[in-house]
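The values are calculated or read from the model by the stated rules, or taken from the named source; none is laboratory data. Predicted model, so just to flag it, every value in this text is computed and none were measured. Virtual Cβ from ideal backbone geometry, glycine too; neighbours counted across all protein chains shown. When the accessible area is computed, the model is the full protein with side chains, heavy atoms only, and any ligands, DNA or RNA have been set aside. Shrake-Rupley method; radii C 1.70, N 1.55, O 1.52, S 1.80 Å.
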Amino acid sequence: MNLQFIADGLIMGALIGLGAIGVTLTYSILRFANFAHGEFLAWGTYFTLALASGFGAMFGGSGTLGSLSFGWPVIVAGVLAALLTGILALALDRLLFAKLRDRGNAIVMVMASFGASMALRSLLEFIFTSEPAYFSRDIQMALPMAFGIRLTPDQLFLLAMTAVLVLVMERFMALSTIGRAMRAVSENPVLARIAGVDVERVIRATWMIGGALACAAGVMLGITVQIRPFMGFDLLLPLFAAAILGGIGSVPGAVLGGLIVGIAEAAAVQVVGADYRAAIAFLILIAVLLVRPAGIFGVRE
Amino acid sequence: MSQAILAIDGLEAGYEPGSAIVRGISLEVKAGEIVTILGPNGAGKSTLIKAIAGLVPKFSGSVALDGEDITDSPAHVLAREGLGFVPQTENVFTLMSIADNLRLAADILPKRERAAKIDQMFALFPDLARQRQLAAGRLSGGQRQMLAVARALIASPRILMLDEASAGLSPKLVGQVFAKLAEIRHTGITILMVEQNARAALALADRAIILVEGKAAHEGKAADIASDPVIRELYLGLAPAKGTA
């Protein structure tokens, strides 16, 4: 049996997991399903593309780093784009969600996020067109790993990057002041306020972190596949499946959920063909909701 | 005469504008005092204390902490300004460890003071210190109440407010909670507490206010109220005190 699908699934799962961290934090802290989250992936990627192109044009540094298909302009642009995507998420909250949040209607917020998703995606298409774009068109040679599995240097970088980001996020949530405050607001916002937590500050941090990680996931997807305005929207269902599977509010859960969804999708391609790949995330979502609604690391309320 | 730590003047508060539950309450709590708010169910006791803590909208009147107007201050600012509050239910973060519950509350203090304050709370509540890494959700009702009090005390509040600290506890645990509150009063902390357990509250408090339908029906020394047969029977559901029947 060809085990390459496991590696493919891990790559896609790592991307989904990174994106799902933002979904799970938004869901647990702001208490609504933000269907515009996929657009943060796409916008973050296009921010990176635009900035990297600008850096390349200005400084002429379009070379590559070692065996990777991209160079320092993409890395520097990615960091700045993560900040910009966080600011975009924050701006969306200020302009839209904060006003609805004050009225306390979660359903209206979910519907508003649908609208925001369409608006952001259309704006992206308007600015960049729907033609696919690439960070690099170079073809990379895959390196043999073990058990017949082959990975490109970009894919190895992506896996390492995901591991680092997840570890940093996990430690951040466990040890930092704002991470503790985020956990507190996620569990009991009223008690958090009583304990002196500035909930508005926590909300701002949640948008910034969620946006930045969405950008990271988008850039990695852009590096390994291609860049399209629909790239985030297409990933939305797997993101939610991963967040729910892992347990809402759990950072490690979101990543584990992402890996499971990614590997299940890749396995499905082997068994039933690529046409049914998207259905797998949906099936996993339904199965989890029926069997263990709180998810792997979630706690039943 | 000592200065009022908490001064409430003509406070009207409730959940819906136009239907105040707390109706024109005025009261003062002086430094070092224990004041208890008693009254029948639905009298507005919890609404009053939640309004003071910034959790229920205030429609009119004013609240001052140490002479500073805090009427419109949000709950998280009040916590930082020295108003410690222990809610009746859901008063600990069940998914967080005991230590993290205290760390969270200590985060509003300057960094250099945090560790010492947490150690101070563990010294005051040794039962919590023994299991500091345990998730708070695994604690018994009495232990949770102790953790909630420790959480509220960690920032050295100017006043500690408790909403029915004895609710849902066995008589033995009620005794332990009140014994701990008596211990805390000796540290000089001012306490305002809403209680259903009138007997235990009056035994501990200096003064008492009896709320009926959102208004202060009686106010006086706890010992006087405890021995007033009419108040005991009408408002507190207690049998007349020995020698007064």
Run a plain Debye calculation on region A:11-146 (Cα atoms as equal point scatterers, no solvent) and give log10 I(q)/I(0) at q = 0.11, 0.17, 0.18, 0.20 Å⁻¹, rounded to two decimals, same order as the q list.
-> -0.51, -1.01, -1.09, -1.23
Quick one: accessible surface of residue B:37, probe radius 1.4 Å, all protein chains present, in square angstrom to the nearest 10.
-> 0 Å²
Give me the percent of the accessible area of chain B that comes from carbon and sulfur atoms, probe 1.4 Å, all protein chains in place.
-> 51 percent
Mind listing the long-range amide H neighbours of residue B:217? Cut-off is under 5 Å, sequence gap 5 or more, other chains count too, H placed in the peptide plane at 1.01 Å from N.
-> B:210, B:211, B:212
The computed P(r) of region B:107-203 puts the percent of Cα pairs beyond 21 Å at 33 percent
Kindly state, as a whole number, the per residue volume in cubic angstrom of the convex hull around the alpha carbon atoms of chain A.
-> 139 Å³
What whole-number value in Å² describes the accessible area per residue of chain B for a 1.4 Å probe?
-> 43 Å²
Principal axis lengths of chain B from Cα atoms, whole Å, largest first?
-> 50, 41, 37
Violations at 25 Å Cα threshold for listed pairs B:50/B:180; B:50/B:172; B:117/B:180; B:58/B:117 -> B:50/B:172; B:58/B:117
Would you calculate the separation in nanometres between label points at residue A:108 and residue B:62, each defined as 7 Å from the Cα along the Cα-to-beta-carbon direction?
-> 3.5 nm
Taking amide H positions as placed 1.01 Å from N in the peptide plane, with prolines and chain starts having none, which residues 5 or more places from residue B:59, or on another chain, fall under 5 Å of its amide H?
-> B:12, B:13, B:14
Ignoring ligands and nucleic acids, residue A:288 exposes an accessible area, probe 1.4 Å, in Å² to the nearest 10, of 20 Å²
Considering protein heavy atoms only and a 1.4 Å probe radius, which residues within region A:173-192 exhibit an accessible-area decrease of no less than 10 Å² in the full assembly relative to the chain by itself?
-> A:177, A:180, A:183, A:184, A:187, A:188, A:190, A:191
Percent RCO, i.e. relative contact order, over chain B, from Cα pairs under 8 Å lying at least 6 residues apart = 26 percent
What does the average come to when, for each residue of peptide A:198-204, you count the partner chain Cβ atoms lying within 10 Å of its Cβ?
-> 2
Using a 1.4 Å probe on protein heavy atoms only, how many Å² of accessible area do B and A hide from each other, summed over both chains and rounded to 100?
-> 1800 Å²
So what is the relative contact order of region A:1-138, in percent, for Cα pairs below 8 Å that sit 6 or more residues apart?
-> 28 percent
Relative contact order for chain A using alpha-carbon pairs under 8 Å, separation at least 6, rounded to a whole percent?
-> 37 percent
Listed residues B:74, B:110, B:229; largest mean-square fluctuation, Gaussian network over chain B with Cα springs below 10 Å, found at B:110
Which whole-angstrom value gives the distance between the alpha carbon centres of region A:63-93 and region A:229-289?
-> 25 Å
Where trypsin sites (Lys or Arg not before Pro) in DSSP loops with at most 11 other Cβ within 10 Å are excluded, longest remaining stretch of chain A | A:138-299
State the extension gain, in nm to one decimal, for the chain segment bounded by residue A:53 and residue A:118, taking 0.36 nm per residue of separation less the distance between their alpha-carbons.
-> 20.8 nm
